[in-house]
Ligand SMILES: *Cc1c(COP(=O)(O)O)cnc(C)c1O
């Protein structure tokens, strides 16, 4: 059944959500656990390029890519062709039962393309949290040590161990403890909120890291895990030199350096891996999200001697590296081959920067524009301060949604609007979506001077540690749905 291409234009046929979506959402509420939030309660009928078409016939501009997953497009023909072919041959064997060579081919691509000029091996999994946990298993097996170092504002997943590694309490961790022990948190060189000023962030944060290690005994740490650009924590780009400094500290103490590239990797930032901007390679690198082109596939890739330190049978999973997902990944790799998609990410950055960066000003509630490639964000705070204004961000997002532009909110304080368009988004569509965002900001700001969104920012933002006051404040509004 060939269908016509989905027009790459925004179209509002009904209010958003429309009546059909509203009906389906009501039914969902009767059937689905209320533990699942939703950023925008519309039901999708088709998706292609930069457009999500809902069941009411609205065409919504996709600035989310299903959280950085459909980077090559939600119906990329290269992915579809390979998955269809695989679907016709077989769907599953379990790689631990009998083998298929697409698994090996995905591993080979990752061994070749991840940073680091050393012999590598790869293990495939299904979810990001699962891959992060396996990176920890590998690091522990290889070092014989237990402790894990993570950072302020980190996000690593929703399983018990990765919840412990994740910084933000609400919504990820609230009521789900106790968590596994031996997870220690160190300061993140976050330029905007660094108490000693952005220019001192790298040196002071590295000193903080050394202090945490010293207090615990650096020789007891198996792994240090960091996102090269933090995702859910607020698209925080570490101050220059921080990643390289961490790499040095890890090496000095024999700690396995793990880069969580699940959100920032696979071309999202305009390079294949975000850590390339800092010239840093992980001993292990974790990939996911865009890797499977919409099918569940994640990986741990790293030094052969670490990856092979695990006893045979120690790694695996029923669906780990499922054949359909491997076929999809091979389609994703093919889509990246000619370089157009990386160029696309840089084109997106140019366009978004030109429109949004000028909004940052002394007297503006937009206090920061940051990110790389097609992973960009603006942060809302009381003008001239770092005091977060989550209600303002939520109001802007809601207005965009009503106008048919899907943006997501993120950040430890819930005050960041992030843009994650598919790398294939057309230029006109991108500019239309940005124009809607700019109008939404202007409209909400006009209301906000009238007082509507005042009082949502009781604390000056210190480093990643939220104050009890602020935690309470976060609970006041329906937490903008992050991951
Ligand atoms: C999404 C994400 C994860 C978790 O991936 P899941 O597939 O949701 O388990 C881990 N780390 C980072 C940086 C992520 O963005």
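Is it the case that some residue within region 458-475 is over 27 Å from residue 265 (Cβ atoms), in contact with a helix residue (DSSP H, G or I) (Cβ under 6 Å, 6 or more places away or on another chain) and at pLDDT below 90?
Scanning region 458-475, I find at least one residue that is over 27 Å from residue 265 (Cβ atoms), in contact with a helix residue (DSSP H, G or I) (Cβ under 6 Å, 6 or more places away or on another chain) and at pLDDT below 90, so the answer is yes.
Quick check on my filter: what residues within region 274-291 are over 15 Å from the mean Cα position of the chain (by Cα) and within 14 Å of the ligand (Cβ to nearest atom)?
282, 284
Please enumerate the residues belonging to region 169-187 that are in contact with a strand residue (DSSP E or B) (Cβ under 6 Å, 6 or more places away or on another chain) and either within 16 Å of the ligand (Cβ to nearest atom) or part of a loop (DSSP other than H, G, I, E, B) (or both).
182, 183, 185 - these are the residues of region 169-187 that are in contact with a strand residue (DSSP E or B) (Cβ under 6 Å, 6 or more places away or on another chain) and either within 16 Å of the ligand (Cβ to nearest atom) or part of a loop (DSSP other than H, G, I, E, B) (or both).
Quick check, is residue 31 without any contact (Cβ under 8 Å) to a residue 40 or more places away in the chain, farther than 20 Å from residue 397 by Cβ, out of contact with any helix residue (DSSP H, G or I) (no Cβ under 8 Å at 6 or more places or on another chain) and not assigned by TED's automatic domain parsing to the domain that holds residue 231?
Yes; evaluated as a whole, the condition is true for this residue.
Among the residues of region 111-130, write down those that are within 11 Å of the ligand (Cβ to nearest atom) and buried (at least 24 other Cβ atoms within 10 Å of the Cβ).
Listed by number, the residues that qualify are 125, 128.
What is the number of the single condition among (1) over 18 Å from residue 295 (Cβ atoms); (2) away from the ligand (no atom under 16 Å from the Cβ); (3) surrounded by fewer than 22 Cβ atoms within 10 Å (Cβ to Cβ) that residue 88 does not meet?
It is condition (1) that residue 88 fails.
Out of 139, 154, 203, 135, report the one residue that is outside the structural domain of residue 415 (by TED's automatic domain parsing), crowded, with 24+ Cβ neighbours inside 10 Å and farther than 18 Å from residue 289 by Cβ.
The unique qualifying residue is 139.
Which of the residues belonging to region 347-369 are under 22 Å from residue 264 (Cα atoms), in contact with a strand residue (DSSP E or B) (Cβ under 6 Å, 6 or more places away or on another chain) and crowded, with 17+ Cβ neighbours inside 10 Å?
352, 356, 368, 369
Could you list all residues from region 131-168 that are within 13 Å of the ligand (Cβ to nearest atom) and closer than 21 Å to residue 252 by Cβ?
Once the filter is applied, which keeps residues that are within 13 Å of the ligand (Cβ to nearest atom) and closer than 21 Å to residue 252 by Cβ, region 131-168 yields 135, 136, 150, 151.
Could you figure out which of (1) crowded, with 24+ Cβ neighbours inside 10 Å; (2) within 29 Å of residue 144 (Cα to Cα); (3) away from the ligand (no atom under 11 Å from the Cβ) isn't true of residue 294?
With respect to (1) crowded, with 24+ Cβ neighbours inside 10 Å; (2) within 29 Å of residue 144 (Cα to Cα); (3) away from the ligand (no atom under 11 Å from the Cβ), residue 294 is out only on (2).
Any residue in region 265-285 that is on the phi > 0 side of the Ramachandran plot, surrounded by fewer than 19 Cβ atoms within 10 Å (Cβ to Cβ) and in contact (Cβ under 8 Å) with a residue 24 or more places away in the chain?
yes
Only one of (1) in a strand (DSSP E or B); (2) within 13 Å of the ligand (Cβ to nearest atom); (3) more than 24 Å from residue 169 (Cβ to Cβ) fails for residue 265. Which number is that?
So residue 265 meets the others, but not (1).
Would you pick out the residues in region 58-79 that are in a helix (DSSP H, G or I), within 16 Å of the ligand (Cβ to nearest atom) and under 20 Å from residue 106 (Cα atoms)?
68 - this is the single residue of region 58-79 that is in a helix (DSSP H, G or I), within 16 Å of the ligand (Cβ to nearest atom) and under 20 Å from residue 106 (Cα atoms).
Condition check ((1) part of a loop (DSSP other than H, G, I, E, B); (2) out of contact with any helix residue (DSSP H, G or I) (no Cβ under 6 Å at 6 or more places or on another chain)) across all residues:
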site	(1), (2)
277	no, yes
302	no, yes
306	no, no
311	yes, yes
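Evaluate region 345-357: report whether one residue or more is under 21 Å from the mean Cα position of the chain (by Cα) and within 16 Å of the ligand (Cβ to nearest atom).
Scanning region 345-357, I find no residue that is under 21 Å from the mean Cα position of the chain (by Cα) and within 16 Å of the ligand (Cβ to nearest atom), so the answer is no.
Which one of these does residue 405 not meet: (1) touching a residue at least 24 places away in the same chain (Cβ under 8 Å); (2) under 26 Å from residue 193 (Cα atoms)?
(2)
The values are calculated or read from the model by the stated rules, or taken from the named source; none is laboratory data. Because the structure is predicted, anything quoted here is derived from the model rather than measured. Virtual Cβ from ideal backbone geometry, glycine too; neighbours counted across all protein chains shown.
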